[in-house]
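Since the structure comes first, as structure tokens, the remarks are kept for the end.
The values are calculated or read from the model by the stated rules, or taken from the named source; none is laboratory data. As the structure is a computational prediction, the values presented were derived from the model and not from experiment. Virtual Cβ from ideal backbone geometry, glycine too; neighbours counted across all protein chains shown. Keep in mind that these areas ignore ligands, DNA and RNA; they rest on the heavy atoms of the full protein, side chains included. Shrake-Rupley method; radii C 1.70, N 1.55, O 1.52, S 1.80 Å.
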Amino acid sequence: MKRDTGYNTKQKEKLIDYLMRNREKHTNVQEISAYLASEGSPLGTATIYRQLDKLVEAGTVRKFVIDGKVGACYQYIENTDECREHFHLKCMRCGKLIHLNCDHLMGINDHIAEHHGFIIDPSQTVFYGVCSECRDAEGSEGRG
């Protein structure tokens, strides 16, 4: 994996460290900024965006843009080839990102390509909902 994106600074190293430790979730610039400030290495949001753009360009980080109203989310990628081969599930309650290897969904991908002439990029396809842990926790709170 290519991680060299130019001059290394302490802040950039902390940014990458934060992304790596939070690789199971999408994070945004505000969360990154708050983390860096709490670590004594504050960075302006413009600088964070620039660093993230470089990491995205280098293939180290994936950028998710949900819609034009909410800022982009970012995720550290361990194995870019692996992530291109499956869809993702995102819990709207806890923020967990689940890598979904499902032959059934890949069949839908094949169907859309064959019958509709459209190629889906699974690495950019995210289904939003509520994970089983959050549903279970919700159920146990209602029983108390």
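I want to confirm something. Restricting to the stretch 8-42 and keeping residues that are in a helix (DSSP H, G or I), basic (Lys, Arg) and open to solvent by 40 Å² or more (accessible area, probe 1.4 Å), which single residue is modelled with the lowest pLDDT? The residue in question is 10. Counting the residues of the stretch 89-135 that are closer than 23 Å to residue 22 by Cβ and over 21 Å from the mean Cα position of the chain (by Cα) gives 1.
Inspect all residues belonging to the stretch 87-104 and state whether any of them is modelled with pLDDT of 90 or more and in a helix (DSSP H, G or I). No, the stretch 87-104 contains no residue that is modelled with pLDDT of 90 or more and in a helix (DSSP H, G or I). Residues of the stretch 110-125 include none that is at pLDDT below 85 and of a type in the set (A, V, I, L, M, F, W, C).
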